[in-house]
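Peer 1: Right, I'll just put the structure down here and ask away after.
The values are calculated or read from the model by the stated rules, or taken from the named source; none is laboratory data. Keep in mind that what you see is a predicted model, and the values were worked out from it rather than measured. Virtual Cβ from ideal backbone geometry, glycine too; neighbours counted across all protein chains shown. In case anyone asks, the SASA skips ligands and DNA or RNA and just uses the protein heavy atoms, side chains included. Shrake-Rupley method; radii C 1.70, N 1.55, O 1.52, S 1.80 Å.
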2 protein chains.
Amino acid sequence: MARLPVYLRALHSLQDRGIATVSSEELAAAAGVNSAKLRKDLSHLGSYGTRGVGYEVEYLIYQISRELGLTQDWVVAIIGVGNLGRALAGYGGFASRGFRMASLLDADPRLVGERIAGIDVEHIDRLETVIAEHGVSIAVIATPAVAAQEVCDRVVASGVTSVLNFAPIVLSVPDGVDVRKVDLSIELQILAFHEQRKAGGPMGEQVEREYVEAVEL
Amino acid sequence: MARLPVYLRALHSLQDRGIATVSSEELAAAAGVNSAKLRKDLSHLGSYGTRGVGYEVEYLIYQISRELGLTQDWVVAIIGVGNLGRALAGYGGFASRGFRMASLLDADPRLVGERIAGIDVEHIDRLETVIAEHGVSIAVIATPAVAAQEVCDRVVASGVTSVLNFAPIVLSVPDGVDVRKVDLSIELQILAFHEQRKAGGPMGEQVEREYVEAVEL
DNA sequence: AAGGCCTTGTGAACGAGTGCACAAAGTCGC
DNA sequence: GCGACTTTGTGCACTCGTTCACAAGGCCTT
């Protein structure tokens, strides 16, 4: 359920505002989804709502957190300390809820020893050691594209089964390993695509007509 | 079609390796999708393949680029020059193909005037002016969550209809405005969810059994 | 020039996910 | 304590995207 984290964030926001109880209608609006969908999602976790009243915010936060595995700590290593790696290391959202940034690694010897967000950068040669020592369970790859597959292979060989990839390539991994990809320029390209359609298609009307039938994103 | 950018990247990679022609099977493997799906996607752009041979890489790159609107330049402004904003400004993938980074804006007066990736940071007060002067068509919001909605409103009021949001909130926008969201911690939470399921669910077997029936992400 | 071979393009079945609409169920006021 | 109201949980129909399987069609060898 990719939507649970979104619900969780909306719930935290409600909690910060001192709201103790919420209806599916309200929560759905805050999360930007249909209320029936939200109820169906939540019902899969069990019956945590009260008919005629709604959901208790705090209890629901706990249940979703448990479902997502946020009640335990996940140990994260970031490989690649370029601009993006630094941004990720400093991103407060990670440390705040269940994700512990354990290690930063890079291939550039000039970066090794530098202290970023309270962590000393180590050399990529120590990858396997670091993963074993800290018990890393999630690896974040923020290296250039050419290095990503090799880093991924080594990480997987060390027993990590969850990878978050920022490098602009499709990583190949064995079964049982989950890879999620975040590609910044792809997001921009999708926006450009929609922007262009709003403006009336790529060129003449002849081509445009075909677009009307094209599947909406 | 959210997959077109992925195909495009795979095609560029093939082109760099000097490959002139490619079958749907090969390209699908490189992009990590089913070959029938790929063919159906491409057929929506028109019949650009040759039966018995495959697709001509260069021609297909042109057609997809045109479809995505990458044959024209898109003017991008980044609002919020924190760690993430800097990383985005320095990210080569933007400038390389059709996206021109026109402006960096921030609310912190200490950052104003600083030069990042060849661009002088301007104060957020000049937001409307900058958008009009440069003809910005895509706004990237990399501000803290509390500021994001206000920035978004101002950007939209200035006529921008495409927004890429990195702030961890759901932006509300009028119809006709496209928002795409990238949320780094949500990606980690989804990985954690899968990692937990591999490990055997959040607690006892009783709960675990329900998970088996839960919808796969 | 003709047949075999290979790959595209697509019809059709399938499955997942979505949204509607309503019954079940609990609360609150009287 | 009882009835009306509110909101959850869910059966059902539907839409959309995916996948299979194959016919249509172009190239290359003989």
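Peer 1: Going by Cα centres, segment B:25-78 and segment A:143-177 are how many Å apart?
Peer 2: Segment B:25-78 and segment A:143-177 have Cα centres separated by 25 Å.
Peer 1: Can I ask one more? When the accessible area of segment B:4-68 is computed with all protein chains present and a 1.4 Å probe, what percentage of it is carbon and sulfur?
Peer 2: Reported share for carbon and sulfur atoms: 48 percent.
Peer 1: Step through the residues of segment A:148-158 one at a time and calculate ³J(HN,Hα) from phi using the Karplus curve (6.51 cos²θ - 1.76 cosθ + 1.60, θ = phi - 60°), rounding each to whole Hz and writing x for Gly and Pro.
Peer 2: After applying 6.51 cos²θ - 1.76 cosθ + 1.60, I find 4, 5, 5, 4, 4, 4, 5, 4, 5, 4, 7 Hz.
Peer 1: Another one. Modelled label-to-label distance, B:A147 and A:S23, 7 Å Cα→beta-carbon offset: nm?
Peer 2: 3.7 nm
Peer 1: Additional query: Through the Karplus equation 6.51 cos²θ - 1.76 cosθ + 1.60, θ set to phi - 60°, convert the phi angles of segment B:68-75 into ³J(HN,Hα) values in whole Hz; use x for Gly and Pro.
Peer 2: Ordered by residue, 3J(HN,Hα) equals 7, x, 8, 7, 10, 8, 10, 9 Hz.
Peer 1: What does the charge dipole of the protein assembly as shown about its Cα centre add up to, to the nearest 20 debye, if the Cβ of each Lys and Arg holds +1 and the Cβ of each Asp and Glu holds -1? List each step's numbers first, then the result.
Peer 2: On the way: 40 positive and 56 negative charges, 59 e Å.
Around 280 debye, computed over the protein assembly as shown.
Peer 1: Right, here's the next one. Between rounded, prolate and oblate, where does segment A:17-174 land on the alpha carbon gyration tensor, with a ≥ b ≥ c its root eigenvalues, rounded for a/c under 1.5, else prolate if a/b exceeds b/c? Each step should come with its number before you reach the end.
Peer 2: Numbers: a/c = 2.65, a/b = 2.34, b/c = 1.13.
Cα axes put segment A:17-174 in the prolate bin.
Peer 1: Once the label point is placed 7 Å from Cα along Cβ, list for B:R115 the distances to the corresponding points in the other copies, in nm, shortest first.
Peer 2: Sorted ascending, the copy-to-copy spacings read 3.1 nm.
Peer 1: So how exposed is A:E114, as accessible area in Å² (1.4 Å probe, rounded to 10)?
Peer 2: The accessible area of A:E114 comes to roughly 70 Å².
Peer 1: Report which residues of segment A:1-25 become buried by 20 Å² or more of accessible surface when going from the isolated chain to the complete set of protein chains (1.4 Å probe; DNA, RNA and ligands ignored).
Peer 2: Residues passing the criterion (a loss of at least 20 Å², heavy atoms only) are A:M1, A:A2, A:P5, A:V6, A:R9.
Peer 1: So, one more: Among B:V136, A:V151, B:A36, whose Cα sits farthest toward the positive end of the charge dipole of the protein assembly as shown (+1 at Cβ of Lys/Arg, -1 at Cβ of Asp/Glu, about the Cα centre)?
Peer 2: B:A36
Peer 1: Ordering A:R115, B:R66 from largest to smallest accessible area (1.4 angstrom probe), what's the sequence?
Peer 2: A:R115, B:R66
Peer 1: Ignoring ligands, DNA and RNA, how do A:Y7, B:Y91, A:Y55, B:Y62 rank by accessible area with a 1.4 Å probe, largest first?
Peer 2: The ordering from most to least exposed comes out as B:Y62, B:Y91, A:Y55, A:Y7.
Peer 1: Per-residue ellipticity at 222 nm for chain B, helices alone: DSSP H runs ≥ 4 residues times -39500 (n - 2.57), over residue total, nearest 500 deg cm²/dmol?
Peer 2: Taking each H run of at least 4 residues, the total per residue is -13500 deg cm²/dmol.
Peer 1: With a ≥ b ≥ c the root eigenvalues of the C-alpha gyration tensor of segment B:4-68, is it rounded (a/c under 1.5), prolate (a/b larger than b/c) or oblate?
Peer 2: Because its axes are fairly even, with a/c under 1.5, segment B:4-68 counts as rounded.
Peer 1: Going by the alpha-carbon gyration tensor, a ≥ b ≥ c the square roots of its eigenvalues, is the protein assembly as shown rounded (a/c under 1.5) or, if a/c is not under 1.5, prolate (a/b greater than b/c) versus oblate?
Peer 2: rounded
Peer 1: May I pose another question? Probe 1.4 Å, all protein chains in place: accessible area of B:T129 in Å², nearest 10?
Peer 2: 60 Å²
Peer 1: Need one number: buried accessible surface between chains B and A, 1.4 Å probe, both sides summed, DNA, RNA and ligands left out, in Å² to 100.
Peer 2: About 6200 Å² of accessible surface is lost on pairing.
Peer 1: Oh, and also: In the full protein assembly as shown, how much of A:D16 is accessible to a 1.4 Å probe, in Å² to the nearest 10?
Peer 2: Number for this one is 130 Å².
Peer 1: Where the only charges are on Cβ atoms (+1 Lys, Arg; -1 Asp, Glu), what is the dipole of segment A:50-205 about its Cα centre, to the nearest 20 debye?
Peer 2: Working: 13 positive and 20 negative charges, 82 e Å.
In debye, rounded to 20, segment A:50-205 gives about 400.
Peer 1: Is any residue of segment A:150-164 close enough, with backbone N under 16 Å, to a label point placed 7 angstrom from the Cα of A:E128 along the Cα-Cβ axis, and if so, which?
Peer 2: Zone members listed by number: A:150-160.
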